[in-house]
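Single-structure report; data block below.
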């Protein structure tokens with residue numbers, strides 16, 4: 001048994017593959033999230049699965065007390081480097097064992113950073129950790145894929161350039177997962193990665209959140225407050241609080 005895909009994939013190539021997911025996009029997204037949650041300046045925020053910290057920096061620029069948690073030492077090192085001017089605390093950790101208790105006013109889980117694990121209980125443990133880390137009446141926002149939309153709009157094959165890299169992405173539905181295989185070509189060298197995410201329905205997400213002691217208060221189909229449609233909505237934006 002080798003490393004899980006989420007250990008193998010979130011390294012140096014990931015930064016290049018998703019270079020188009022930049023700080024400018026994060027600024028727009030965080031502005032929408034702040035408005036959605038009516039977030040109070042100065043509040044404590046956990047950016048859960050923060051990656052290289054683009055949303056953490058956008059939050060810090062708005063005056064929030066930001067903590068970023070991620071498993072990848074490579075992405076966290078990049079986050080530290082890019083966030084030197086901000087007072088952001090970055091912590092390495094597994095989302096199944098969130099190492100905080102009653103500390104945050106808001107917890108944000110963005111860019112489909114959920115559903116990585118094949119076992120229901122592993123995914124449930126993420127939500128239990130969110131509840132434990134939230135203060136009383138603290139709020140959470142989960143930005144997740146919408147499974148029916150993914151099934152109807154999946155692009156099986158794409159090719160693109162990213163700097164010196166030629167990137168080939170293949171996508172397919174395998175059972176209850178969407179699986180993307182990525183081939184990165186750099187000169188004569190080729191490297192391969194995989195990403196796989198559980199296609200949880202809203203009903204499954206809501207059931208898991210309830211089991212974890214979290215209460216759903218709103219669900220949208222995008223960060224622009226579009227009404228959630230199980231088939232047509234591009235995203236599943238779940239907002240709630242500690243129950």
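The values are calculated or read from the model by the stated rules, or taken from the named source; none is laboratory data. Computed from a prediction, not measured in an experiment: that's the story for all the values here. We place every Cβ from the backbone using ideal geometry, glycine too, and count neighbours over all the protein chains shown.
Quick check on the stretch 162-184. Is at least one of its residues modelled with pLDDT under 95 and assigned to a strand (DSSP E or B)? The answer is yes, given that some residue of the stretch 162-184 is modelled with pLDDT under 95 and assigned to a strand (DSSP E or B). Count of the stretch 18-50 residues, restricted to those that are in a helix (DSSP H, G or I) and surrounded by fewer than 18 Cβ atoms within 10 Å (Cβ to Cβ), is 9. If you scan the stretch 221-239, which residues turn out to be farther than 15 Å from residue 148 by Cα and within 16 Å of the chain's Cα centre (by Cα)? Listed by number, the residues that qualify are 223, 238, 239. Take the conditions under 29 Å from residue 175 (Cα atoms), surrounded by fewer than 15 Cβ atoms within 10 Å (Cβ to Cβ) and touching a strand residue (DSSP E or B) at 6+ places or on another chain (Cβ under 8 Å) and apply them to residue 80. Does it pass? For residue 80, the condition - under 29 Å from residue 175 (Cα atoms), surrounded by fewer than 15 Cβ atoms within 10 Å (Cβ to Cβ) and touching a strand residue (DSSP E or B) at 6+ places or on another chain (Cβ under 8 Å) - is not met. What tally of residues in the stretch 1-13 results from selecting those that are touching a helix residue (DSSP H, G or I) at 6+ places or on another chain (Cβ under 7 Å) and outside any loop (DSSP other than H, G, I, E, B)? Here the count works out to 1.
Can you say whether residue 8 is in contact (Cβ under 8 Å) with a residue 24 or more places away in the chain and surrounded by fewer than 18 Cβ atoms within 10 Å (Cβ to Cβ), as far as the supplied structure shows? The answer is yes for residue 8.
Once the stretch 60-75 is narrowed to residues that are in a helix (DSSP H, G or I) and over 15 Å from the mean Cα position of the chain (by Cα), the residue that is surrounded by the most Cβ atoms within 10 Å (Cβ to Cβ) is 60. Count of the stretch 195-233 residues, restricted to those that are in a loop (DSSP other than H, G, I, E, B) and surrounded by 14 or more Cβ atoms within 10 Å (Cβ to Cβ), is 13. Of the residues in the stretch 98-113, not one is free of Cβ contacts under 8 Å to residues at least 40 places away in the same chain and surrounded by 14 or more Cβ atoms within 10 Å (Cβ to Cβ).
Mind telling me which of the residues 139, 174 ends up being over 19 Å from residue 232 (Cβ atoms) and surrounded by 14 or more Cβ atoms within 10 Å (Cβ to Cβ)? 139 is the lone residue from the list that is over 19 Å from residue 232 (Cβ atoms) and surrounded by 14 or more Cβ atoms within 10 Å (Cβ to Cβ).
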